[in-house]
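Each remark here refers to the structure printed beneath this line.
Coordinate-derived values only; no laboratory data. Here the structure is a predicted model, which is why all the values come from computation and not from measurement. Cβ: placed from backbone, ideal geometry, glycine included. Neighbour counts: every protein chain shown.
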């Protein structure tokens, strides 16, 4: 660790940035201390310049401490700014707002989703679901619209197995969403001219141009994701096939794609030469073209990371220095987190940096295990090393976030990754000859048809490999999700153990074995203390959904309407219609829980004639107005009530 910190100055700068982001997320009250911390850091740096020469060695830590305090406060400030930009204030609800279309509108089954940035005084990124009209379909990035604000903050359903949609949208920078009918918005006629907007317009034109390739739907969706980072057209089945086969990274623009683009750009500008002012111009043209591509494809964390590292590589090439190091990786993380602090919690950011760190750490050690006898074997061996070490880098993160892992990733990547490179290289002449078809020259038409045929064949082969890999038995290990503590322990085992194999020192071996011991202890403890199964009333909008939730899965059972639900200790009754009004009882039937479902005209006074419930649960099949009325009546009568639509799922241990 000391060697890593000593040789990577950007890693030392990155630590206070990460510390500030984590502190801001765990202790929101500390965000107000960003200004005092910044002033304290500047004061320490200033004091370091007034120390007497004979005391400078003794107080050599002063300047570094000042830098750490300043960067810590800077990350706190940036975190607070981002958090405030995603906090939606209800004061503007029901008023007319101006907004700029930021991205390509996405056609949904019943609406058109448009990413909007509202105008001053409060600039917010929101998602508007516009009614499907010709005018809505004609929106392009940069269009300014005026709309009647119906935007509300994001909210989760509150189910125990829910995806944290609110947190996900906060990481993406969005404050809220809302549906807007066609009569409540219109274009102003003005258009924004910013660089990101112009890049998205170029992206939209490229998507339209790809239609001229006449590819099948899956092939078209794949080439859009592969070269433009646009994954809207990808079907769920196709995405699942890539995940199960261990090639999902192909669909997300990453260092692989950017590296190929970099190679193509470098080839295009190779005529400038390899020395002198021509080489200098070549490197800066490469950097400019590379960042233009980054803007067009949407500036995801993995693409920005790759672009920063390649930029440092290009600059280092001018001075004959290696640009692919731990320091360049730390520099990429530093610059991304300075401007987009919430990226630290983005799964794509974590996976991208985890994969590259795994390659930098594991690949030199693995590649030394075998010396290939010829170039062909060397290429295969290098490809196997890179794909395996990248998977080792993301293996703990995949288990933590998804609980799955592809079994045959090394085989599918050996086949898919070379095909990806060939497909990208084939796409460039296909685009070129497609643009030149307007000249109506026969040889251009022949070349265009040839490359179009090659593109279809290659994509077809790749998709076939992915689907076959998914269908092989035991293609994916599932239901192996680990906790955050287990993630840390797994990392503390993997990296020190590999370090021990190369250095043969005792300390990394001790660390790895202790981490493995505690990791095994957590697994044993989890197996000996499994969570109790729960009878759960889920929040499923518009429908009644009751099941037993156990081991992070829903186990459905047949539940008759207007009947008692099975439970060893509690008396639970499900009531779904007005049939109870025909019943008579000499005294109230005592209940622990009464679940009201589907029927919107329940009368609490009539219910209390038959039942004496300790709690009433309103499931999500009740109409909102009925649930609100019943909740108010229960509160007035002193009966505890739980509305799953408002308060999330209701769970009760068996």
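Taken over the chain, the alpha-carbon convex hull comes to 240 cubic angstrom per residue. Computed on the chain, with alpha-carbon pairs under 8 angstrom and 6+ residues apart, the relative contact order is 10 percent. Please state the shape class of region 2-85: rounded when a/c is under 1.5, otherwise prolate if a/b exceeds b/c and oblate if not, all from the C-alpha gyration tensor. Oblate is the answer for region 2-85, as a/c is 1.5 or above yet b/c matches or exceeds a/b. Between residue 555 and residue 425, how high is the FRET efficiency from 1/(1 + (r/R0)^6) when r is the Cβ-Cβ distance and R₀ = 51 Å? Nearest 0.05. FRET efficiency, residue 555 to residue 425: 0.55.
Helix 326-339 and the longest principal axis of the C-alpha atoms of the chain enclose an angle of approximately 50°. Axis of helix 347-367 versus longest Cα principal axis of the chain: the two differ by about 40°, to the nearest ten degrees. Between residue 122 and residue 240, the simple spin-label model (points 7 angstrom out along Cα→Cβ) gives 4.0 nm.
Peptides 636-643, 215-222 ordered by packing proxy, namely the average of other Cβ atoms within 10 Å per residue, highest first: 215-222, 636-643. Length available on full extension from residue 107 to residue 26: 0.36 nm per residue minus the Cα-Cα distance, which gives 25.4 nm.
What the pair-distance distribution of region 391-494 shows, using all Cα-Cα distances binned every 5 Å from zero, is 2, 11, 15, 13, 12, 10, 10, 8, 7, 5, 4, 2, 1 percent.
Seen from all sides and averaged, what is the projected area of the convex hull of the Cα atoms in region 290-355, in nm²? Projected area, direction-averaged: 4.4 nm². Is the shape of region 265-411 rounded, prolate or oblate, going by the alpha carbon gyration tensor and its root eigenvalues a ≥ b ≥ c, with a/c under 1.5 for rounded and a/b larger than b/c for prolate? Oblate is the answer for region 265-411, as a/c is 1.5 or above yet b/c matches or exceeds a/b. Helix 34-47 and the longest principal axis of the Cα set of the chain meet at an angle near 30°.
Taken over the alpha carbons of region 493-619 as equal point scatterers, the Debye sum produces base-10 log I(q)/I(0) values at 0.12, 0.15, 0.21 Å⁻¹ of -0.61, -0.78, -1.19.
Protection proxy ranking of 309-316, 108-115, 22-29, by the mean of other Cβ atoms within 10 Å over each peptide's residues and highest first, is 309-316, 108-115, 22-29.
Stokes-Einstein diffusion for region 202-477, with the hydrodynamic radius set to the Kirkwood value over Cα pairs and evaluated at 4 °C in a medium of 1.567 mPa s, equals 65 µm²/s. Over region 435-521, the fraction of Cα-Cα pairs per 10 Å bin, rounded to whole percents and listed from the shortest bin up, is 14, 19, 15, 17, 14, 13, 8, 1. By the equivalent-ellipsoid construction on the alpha carbon gyration tensor, region 484-528 comes out with semi-axes of 23, 9, 6 Å, ordered largest to smallest.
For a paramagnetic label modelled on residue 534 (point 7 Å from Cα along Cα→Cβ), amide N atoms under 12 Å away belong, within region 553-597, to 553-554.
Would you mind classifying region 139-269 by shape? Square roots of the alpha carbon gyration tensor eigenvalues, ordered a ≥ b ≥ c; an a/c under 1.5 is rounded, otherwise it is prolate if a/b is larger than b/c and oblate if not.
Values: a/c = 1.94, a/b = 1.23, b/c = 1.58.
Judged from the Cα gyration tensor, region 139-269 comes out oblate (a/c at least 1.5, b/c at or above a/b).
Taken over the alpha carbons of region 90-192 as equal point scatterers, the Debye sum produces base-10 log I(q)/I(0) values at 0.15, 0.18, 0.22 Å⁻¹ of -0.59, -0.84, -1.20. Model label sites at residue 441 and residue 636, defined 7 Å from Cα along the beta-carbon direction, differ in position by 8.4 nm.
Within the chain, what percent of beta bridges assigned by DSSP are antiparallel, to the nearest 5?
The antiparallel proportion sits near 65 percent.
Run the numbers on region 37-130 and let me know its relative contact order in percent, using alpha-carbon pairs under 8 Å that are six or more apart.
On the way: 111 pairs, mean separation 18.6, N = 94.
Result for region 37-130 is 20 percent.
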